[in-house]
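Engineer: Pasting a structure below so you can have a look.
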Amino acid sequence: MTAADSFDSITPFYDAVHQQQADIEFYRDLALECDGPVLEVGCGTGRIYLELRRAGVDVTGIDVSADSLDALRDKAAQDDLAVDVRQADMRTFDPEPGREYDLVIVPFRTFLYLETVDDRLAALESLYSALGPDGRLALNAFVPDPEIVAEHYGEWRARELEVDGERYTHRTRSTVVDAVEQRVRVQTEVLDADESLVVDSSHELSLVSKAEFELLFRLSPFASWDVFGDFEFDPLETATQEMVWIAE
C-alpha cells in the first residue's frame, strides 16, 4: 500500500485523529512573515493549509492523496475560502511558470515518507527550485530514539474518536520492517462501535537522524540551515523534542 492509498483510506477520520498540533501556530507565523506566496507540501485535509488561508496567506498546497485534497476543498467551500491545491509529489513538483515561493513548509513529518537518499535529495532539489531569492524551507521530523521505539514496539495504541456522531476506535502499531534501511511500518485500524473493522491500512516511514539531515542539506543546493528543538526555536537537546529544520 502506497502512502497515497493509506491516506485515502483514513481521510474520513484524519481530522478527528489530528485535531490539534503545536505546529499550526509555528508554520502560520512563518508564513505571515513572508512577502510572497507559500507552498505547503503534504497539505492533506487542510489542518494547516486552511489556517493559513484564514490568516490571508497566499498559499499553494500539494499532496499525494486525492481523497484528502477533496476533503480539503469541501471544508474550504463550507467556509467560502478560495484554495489552490493539487495532487503532486514533492520529488517532482513543478510550480506554475513565473511563480516563486518565499517559503516552503513540509509539516507533520511528511519528509519521512521519502524512502531513499535519492528520493530525499530529489525532493530538496525540487523544493529549492520552487523558492525565490532568499526563500526558506521549513520542515519537522521526530528524533529516532531506540528507547522510545522499544517502549511500545509492536503494541497497538488506541484512542476513541467521534465522527459524524458515531463512535470509533482508532489504533496504530509500529514495527521495524527493514533495520538496515531504517524503515518503520505504521499500521492503522479503525473499528466501529460494534468492533467491526472499518479501515485497515499501513504506510512506511524512514528513521532519519540529525546527522543524516545535516548530510542531506550539505548535498543539497541550500546554502545554510539550522535545527531547533520543538516549535519555539529552542535548542535541540533531547530525543523527546521534535527536530525543526529551517534551510535557506
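The values are calculated or read from the model by the stated rules, or taken from the named source; none is laboratory data. These figures come from a predicted structure and were not determined experimentally. Glycine gets a Cβ as well: all are built from the backbone with ideal geometry, and neighbour counts include every protein chain shown. Heavy atoms of the whole protein, side chains included, go into the accessibility calculation; ligands, DNA and RNA do not. Shrake-Rupley method; radii C 1.70, N 1.55, O 1.52, S 1.80 Å.
Engineer: Of F111, F142, which residue is surrounded by 18 or more Cβ atoms within 10 Å (Cβ to Cβ), closer than 30 Å to E33 by Cα and not charged (D, E, K, R)?
Structural biologist: Residue meeting the stated conditions: F111.
Engineer: Quick check on my filter: what residues within the range 74-93 are loosely packed, with under 15 Cβ neighbours inside 10 Å and touching a residue at least 12 places away in the same chain (Cβ under 8 Å)?
Structural biologist: Listed by number, the residues that qualify are D79, A82, R86, Q87, T92.
Engineer: With (1) in contact (Cβ under 8 Å) with a residue 24 or more places away in the chain; (2) open to solvent by 60 Å² or more (accessible area, probe 1.4 Å) as the list, and G46 as the residue in question, which single condition is left unmet?
Structural biologist: Checking G46 against (1) in contact (Cβ under 8 Å) with a residue 24 or more places away in the chain; (2) open to solvent by 60 Å² or more (accessible area, probe 1.4 Å), the one that fails is (2).
Engineer: Please pick out the residue among S201, S206, S174, S220 that is open to solvent by less than 30 Å² (accessible area, probe 1.4 Å), touching a Lys or Arg at 6+ places or on another chain (Cβ under 8 Å) and small (G, A, S).
Structural biologist: S206
Engineer: Which count do you get for residues in the range 129-170 that are outside any loop (DSSP other than H, G, I, E, B), modelled with pLDDT of 95 or more and either under 23 Å from D230 (Cα atoms) or among the basic types (K, R) (or both)?
Structural biologist: Total satisfying the criteria: 9.
Engineer: Read through the list (1) modelled with pLDDT of 95 or more; (2) under 17 Å from F111 (Cα atoms); (3) open to solvent by less than 30 Å² (accessible area, probe 1.4 Å), then give the number of the only condition that S6 fails.
Structural biologist: That leaves (1) as the condition not met.
Engineer: Another one. Select, from I62, I48, the only residue that is of a type in the set (A, V, I, L, M, F, W, C) and either farther than 26 Å from V208 by Cβ or touching a helix residue (DSSP H, G or I) at 6+ places or on another chain (Cβ under 7 Å) (or both).
Structural biologist: Exactly one residue qualifies, and that residue is I48.
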